[in-house]
Amino acid sequence: MIFNPRGLSLTDVVTLIEALATVAFALSGLFEAARKRLDAVGICVVAGLAAFGGGTLRDVLLDRRPFFWVEHAGWAWAILLLCVAAMFVMRARHFAPTERAMQWPDALGLGLFTAGGSQLALAYGMPGIVAVLMGMVSAVFGGVLRDVVCNEIPSAFRDHRPYALCSFIGGWVMVAADRLDWASLTAVLASAFVTTSLRGLALVLDLRLPEWSLDADDHRA
Amino acid sequence: MIFNPRGLSLTDVVTLIEALATVAFALSGLFEAARKRLDAVGICVVAGLAAFGGGTLRDVLLDRRPFFWVEHAGWAWAILLLCVAAMFVMRARHFAPTERAMQWPDALGLGLFTAGGSQLALAYGMPGIVAVLMGMVSAVFGGVLRDVVCNEIPSAFRDHRPYALCSFIGGWVMVAADRLDWASLTAVLASAFVTTSLRGLALVLDLRLPEWSLDADDHRA
Amino acid sequence: MIFNPRGLSLTDVVTLIEALATVAFALSGLFEAARKRLDAVGICVVAGLAAFGGGTLRDVLLDRRPFFWVEHAGWAWAILLLCVAAMFVMRARHFAPTERAMQWPDALGLGLFTAGGSQLALAYGMPGIVAVLMGMVSAVFGGVLRDVVCNEIPSAFRDHRPYALCSFIGGWVMVAADRLDWASLTAVLASAFVTTSLRGLALVLDLRLPEWSLDADDHRA
């Protein structure tokens, strides 16, 4: 077999992962911003935050430079052009993907960012729980920043559906693969596969997290 | 006397402080998230933000690594288990501490984080005003991040009660103690004591900050 | 001519720029916080965020230390005194500048921060698009943080008036000037002039960005 996954460096794998996941997340930002009736600048910024925010926050926490979008500045252009093109299409066709249709690329992005983020943290010598949290930050905090800027409680924290939880579990797959000395690409694929599958399962089965809310008014002194 | 405070290193003292304050702040996040009816994941994340957010932001600003919760990864586990346990207790007993009951551990956390944060900034060679601000960031910005994610104006900025102000004054106690070459532990205790006492006094006497709001509608052209 | 602009170092120029722009932005934070009826502490913090937030975020992203307000700690005092003085004046006179009156210093700050931020990023060896984004972060994200803390969707993203867009264009002027090897001060003045003029023109002509909102309810499946 000519294609040798083990020949791909960690950097190649992480770069490819981030690129794929970035587009899915940018679109989620673009549509939320459009729904909140932000202007053209706001749409581009929120799309950029959703796409690069999680990875950038992870890199700030890991003290890693240069950022993905600095090292590969073409990606900043790509997201910008994606937004401009999407705005023209939405305007001309009065069309936007449904939230439902967006769930699948988003689930893919969730898996890929989780795997990439936790692998990177392990490469930086982080303990297991921290690597898992870094995977979650990469995968979930782009969406958190998107929602905070759009003045919403982040949907990852309030919609009672497993989302960050899938990332949490998938992150542990990466930690386990790392402890077992799996090849880098195999580990990424396993972690991303588990995360995305769990999210997909949650969507298909319409799983809900249990309610933990306080019946505050009745029971507090 | 066998116990020799001067024998405790700066690192020991700061670590102990951060541990104690961390639990108080985690609980404040946990209860706010439960009141806002976030899901189980949101409760854990908001508790973690309230607990580690201020210290992490301070460390990012000081360019200090590793973070407290990276170096002592057990603490990330501790907060996670605390949240899970608290959720089960709240569910089983339909019980949550009143906001009133939380004010006292929170006042303790305010004092300890102020002292630890400003001392650390001084150890990094920061000027007095910057050290005081870093103490405030450590003590207050966990709560600010908690409130921002819960889509509230931070209570530290709008409830017209002295909170960040106590931290501001307590930070100057640390700066003064540093200029006077007090032992590290003495300085921390003095700064934390002043901060917590002022906050306690404000709570007991129900002190209010003066109103500065604009009577905007009447007086602007 | 005795005054020799080329004799000013890059550091001098950037420092001067940041100082001027800082006051304009601090006032914008001060008035928004007062309008939202924050307390005295909240007013100072929001003014500080508006003034230093954009530049600090840029410095965190560039991994640049010390921050402006750490290196020149007098500026933290200056903003604090400005806020206290402004609160007394507003209280005594029941007076606040109109939003309209604030637009012009704000436009000046927009230009100066854009020029300073993008120049700094170029000095750090960033690619053109990244330098332009760093100029925008410096100029716009102080206001974004101000609005997020005040629980508003950032006005820069929703008021359909060119603001960040002027910064975007002015940033490219800096990149072009850098490619053409213009003197540092000339480049800053050109970039700031273009940014501020475009913003001024947008205000005078009441220009609007086109609407891109989704007619979501009608067209989604």
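Just give me the residues in the stretch B:131-164 being under 24 Å from residue B:205 (Cβ atoms) and of a type in the set (Phe, Trp, Tyr), in sequence order.
B:157, B:163
When you go through B:22, B:11, B:15 one by one, which is the residue that is modelled with pLDDT under 90 and crowded, with 24+ Cβ neighbours inside 10 Å?
B:22
Give me the residue from the stretch A:85-98 that is under 30 Å from residue C:126 (Cβ atoms) and touching a residue at least 12 places away in the same chain (Cβ under 8 Å) and, out of that set, farthest from the other protein chains (Cβ to nearest Cβ).
A:86
Identify, please: which residue in the stretch A:58-76 is part of a helix (DSSP H, G or I) and surrounded by fewer than 19 Cβ atoms within 10 Å (Cβ to Cβ) and is, among those, nearest to the chain's Cα centre (by Cα)?
Among residues in the stretch A:58-76 that are part of a helix (DSSP H, G or I) and surrounded by fewer than 19 Cβ atoms within 10 Å (Cβ to Cβ), the one nearest to the chain's Cα centre (by Cα) is A:60.
All but one of (1) under 24 Å from residue C:154 (Cα atoms); (2) modelled with pLDDT under 90 hold for residue A:39; state the number of the condition that does not hold.
With respect to (1) under 24 Å from residue C:154 (Cα atoms); (2) modelled with pLDDT under 90, residue A:39 is out only on (2).
Go through (1) at pLDDT below 95; (2) of a type outside the set (A, V, I, L, M); (3) over 16 Å from the mean Cα position of the chain (by Cα) one by one and return the number of the condition residue B:179 breaks.
(1)
Answer yes or no: is there a residue in the stretch A:63-78 that is more than 10 Å from every other protein chain (Cβ to nearest Cβ), of a type outside the set (Lys, Arg), under 19 Å from residue A:150 (Cβ atoms) and touching a helix residue (DSSP H, G or I) at 6+ places or on another chain (Cβ under 7 Å).
There is no residue in the stretch A:63-78 that is more than 10 Å from every other protein chain (Cβ to nearest Cβ), of a type outside the set (Lys, Arg), under 19 Å from residue A:150 (Cβ atoms) and touching a helix residue (DSSP H, G or I) at 6+ places or on another chain (Cβ under 7 Å).
In this structure, is residue B:130 part of a helix (DSSP H, G or I) and free of Cβ contacts under 8 Å to residues at least 12 places away in the same chain?
yes
Give C:167, C:155, C:138, C:197 a once-over and let me know the one that is among the hydroxyl-bearing types (Ser, Thr, Tyr) and under 19 Å from residue C:12 (Cα atoms).
C:138
Would you confirm whether any residue within the stretch B:83-90 is modelled with pLDDT under 85, farther than 29 Å from residue B:201 by Cα and crowded, with 16+ Cβ neighbours inside 10 Å?
Within the stretch B:83-90, one or more residues are modelled with pLDDT under 85, farther than 29 Å from residue B:201 by Cα and crowded, with 16+ Cβ neighbours inside 10 Å.
Residue-by-condition table, conditions (1) surrounded by fewer than 17 Cβ atoms within 10 Å (Cβ to Cβ); (2) free of Cβ contacts under 8 Å to residues at least 60 places away in the same chain; (3) charged (D, E, K, R); (4) within 21 Å of residue B:52 (Cβ to Cβ):
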{"site": "B:78", "(1), (2), (3), (4)": "no, yes, no, yes"}
{"site": "B:81", "(1), (2), (3), (4)": "yes, yes, no, yes"}
{"site": "B:100", "(1), (2), (3), (4)": "yes, yes, yes, no"}
{"site": "B:110", "(1), (2), (3), (4)": "no, no, no, yes"}
{"site": "B:117", "(1), (2), (3), (4)": "no, no, no, yes"}
{"site": "B:125", "(1), (2), (3), (4)": "yes, yes, no, no"}
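For every residue, the table says whether it meets (1) at pLDDT 95 or above; (2) under 19 Å from residue B:24 (Cα atoms).
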{"position": "B:134", "(1), (2)": "yes, no"}
{"position": "B:147", "(1), (2)": "yes, yes"}
{"position": "B:186", "(1), (2)": "no, no"}
{"position": "B:191", "(1), (2)": "yes, yes"}
{"position": "B:194", "(1), (2)": "yes, yes"}
{"position": "B:206", "(1), (2)": "no, no"}
{"position": "B:221", "(1), (2)": "no, no"}
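Kindly provide the set of residues from the stretch A:33-58 that are more than 10 Å from chain C (Cβ to nearest Cβ), of a type outside the set (A, V, I, L, M, F, W, C) and touching an Asp or Glu at 6+ places or on another chain (Cβ under 9 Å), ordered by number.
Selection gives A:55 alone.
Take the stretch B:146-168 and flag every residue that is charged (D, E, K, R) and closer than 17 Å to residue B:21 by Cβ.
Within the stretch B:146-168, just B:146 meets the criteria.
The values are calculated or read from the model by the stated rules, or taken from the named source; none is laboratory data. The structure presented is a predicted model; accordingly, all values stated were derived computationally and were not measured. Reconstructed Cβ throughout: ideal geometry from the backbone, glycine too, with neighbour counts over all protein chains shown.
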